[in-house]
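Q: What follows is a single structure, and I will ask about it in a moment.
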Amino acid sequence: MINYTEKIPNNVDLGRDRVLQRALEHWQPAYMGWWYDMGPNESHNYEVYLRTAISVEPDGWAQFDYVKMPEYRWGIFLQPRDERREVNFGIHKGQPAWQEVPGEYRSTLRRVIVTQGDTEPASVEQQRMLGTSCPSMYDLRNIFQVNVEEGRHLWAMVYLLHRYFGRDGREEAESLLARRSGDADNPRILGAFNEPTPDWLAFYMFTFFTDRDGKFQLCALAESGFDPLARTCRFMLTEEAHHMFVGETGVSRIIQRTCEVMKENKVEDPSDVRALGVIDLPTIQKYLNFHYSVTLDLYGSDVSSNAANYYTSGLKGRFRETKLEDDHVLRDTEYPVSEVVGGKIVTKNAPALTALNERLRDDYIVEIADGVGRWQRVIDNAGIPFRLTLPHKGFHRAIGNFAGHFISPDGEVLGEEAWKNHKFEWLPNPKDHAYVQSLMSGRVVEPGKFANWIAPPARGINNQPLNFEYVRFN
Ligand SMILES: [Fe+2]
Ligand SMILES: [Fe+2]
């Protein structure tokens, strides 16, 4: 169990390390300053029905109660240590897992932790205005839950920086509070975390696509030979599942509502659908195309010597590394990677070690395709002849082998002109954004009420009814 009488709740025996405790207690007010500035807009007095982690055991790790978000107990929770754990891949395979940072990997490891840590506050910043246009109290509670947990994920990474990286780590922890999503001078590190999240369709797409990138990165880091990082990421994954649930069900409920309205009114043309105040399916497809493609970029270059080094050094593994049956060294294996050659997409084998980003991206795509299949079933069950598709991997990419090429959603290599002519058939255009915005001009917060453009969920949070008062506004 986690001791909640301490200033910083934790299961890492923080009280025994006074210097570390003082350093983190010094960072805490700066974090609160960031939350007041950049956390959910106008929310500080709301009492929100939130879950808080109370243990790291798989059953009963969370407790639900009303909390004012600035009083949420952001803490440091690591999965318990397995004394027998080893480094499971790379050149150190078979050595006991590291409990301290190996000197030779210090700067690499710090970079990996900072890059992960930077995404956590970034998404809170991206979503901070959405409370003013929520489609229901249930959804408002869910976005706040995601936001406080992203805040906790920042704490998780900052703990590692403070505990294991001395002065450099403390400086990095301060920088994590100084960068701002979308800021021209001091932006967040990764591209997708500087894109705006202007509306709730974008929010659900983000939590489905981009939080799932988070899951895959955390899964790869949960294999790390650096044991404290592995244990931190394992516990973060427990919380992450809810974020993806919010995204998948959010999009699914929007699709469901659109299909209901289309059937009731016997309309199919997108402008007729819009006239009824719901989001037409082609617009949902465009949002999907956008969020999928910018998230694919987060995995980095298809062929990357950094990825090879992270793996060989034992710092970052593959998805489900220990479940894979091979030598876990990968010196003599290959992996298929695509590129554009002479106006065509060709696939060639690359050394498996350098193709690890591409492999993680492919693992991610498998899960994404399943989710999109579940959305499709909602449309099929309504008997509407519309197909949602995942665009080609090379579509709208800014990083890796496809960057600088113009690939259609079908995987056709186009010239720049042809791409420009079709771009806004494939990606949301300013009118699409304006239409979606127009649906979300105010918030719906009467218990049990839902905006016209989204269906209610199948059930409430923690077995509460749908008309439960998930947020008290005071
Ligand atoms: Fe997170
Ligand atoms: Fe998340």
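Read-outs throughout are calculated quantities, based only on the coordinates presented, and are distinct from any laboratory measurement. Everything numeric here is computed off the predicted structure, so don't read it as measured data. Glycine also receives a Cβ, built like all others from the backbone with ideal geometry; neighbour counts cover every protein chain displayed.
Q: I need the peptides 219-232, 172-185 ranked by packing, meaning the mean over residues of other C-beta atoms within 10 angstrom, with the highest value on top.
A: Top to bottom by mean Cβ count within 10 Å: 219-232, 172-185.
Q: Work out, step by step, the length gained on full extension between N429 and N186: first 0.36 nm times the residue separation, then minus their alpha carbon distance; give nm to one decimal.
A: Fully extending the segment from N429 to N186 adds 84.8 nm.
Q: With each pseudo-label sitting 7 Å past Cα toward Cβ, what's the K344-E260 distance in nm, one decimal?
A: 5.0 nm
Q: Determine the gain in length on full extension of the stretch S55-A398; use 0.36 nm per residue of separation and subtract their C-alpha separation, reporting nm with one decimal.
A: Extra length available between S55 and A398 comes to 119.4 nm.
Q: With r defined as the distance between the Cβ atoms of R84 and R459 and R0 fixed at 45 Å, what FRET efficiency is calculated, to the nearest 0.05?
A: Calculated value: 0.65.
Q: Counting helices only, and only those DSSP H runs with n ≥ 4, report the 222 nm mean residue ellipticity of the chain as the sum of -39,500 (n - 2.57) divided by its residues, in deg cm²/dmol to the nearest 500.
A: Estimated from H runs of four or more residues: -16000 deg cm²/dmol.
Q: Mind listing the long-range amide H neighbours of F406? Cut-off is under 5 Å, sequence gap 5 or more, other chains count too, H placed in the peptide plane at 1.01 Å from N.
A: Correct list: L414.
Q: Okay, next question. May I ask you to list the lysines whose Cα is less than 30 Å away from that of K393, ignoring any residue fewer than eight positions away on the same chain?
A: Straight-distance partners of K393: K215, K286, K316, K323, K344, K348, K420, K423, K431.
Q: Ranked from highest to lowest mean number of other Cβ atoms within 10 Å per residue, what is the order of the peptides 256-266, 412-422?
A: 256-266, 412-422
Q: Taking only the C-alpha atoms, wrap a convex hull around the chain and report its volume per residue in Å³ as a whole number.
A: Expressed per residue, the convex hull around the Cα atoms of the chain is 154 Å³.
Q: Tally the DSSP beta bridges in the chain and give the antiparallel ones as a percent, rounded to 5.
A: Bridges in the chain that DSSP calls antiparallel: roughly 90 percent.
Q: Over what distance in Å are the Cα centres of segment 220-236 and segment 300-374 separated?
A: About 20 Å separates the Cα centre of segment 220-236 from the one of segment 300-374.
Q: Next question, about the same structure. How much length is gained on full extension from Q63 to V267, taking 0.36 nm per residue of separation minus their Cα-Cα distance?
A: Gain in length upon complete extension: 68.9 nm.
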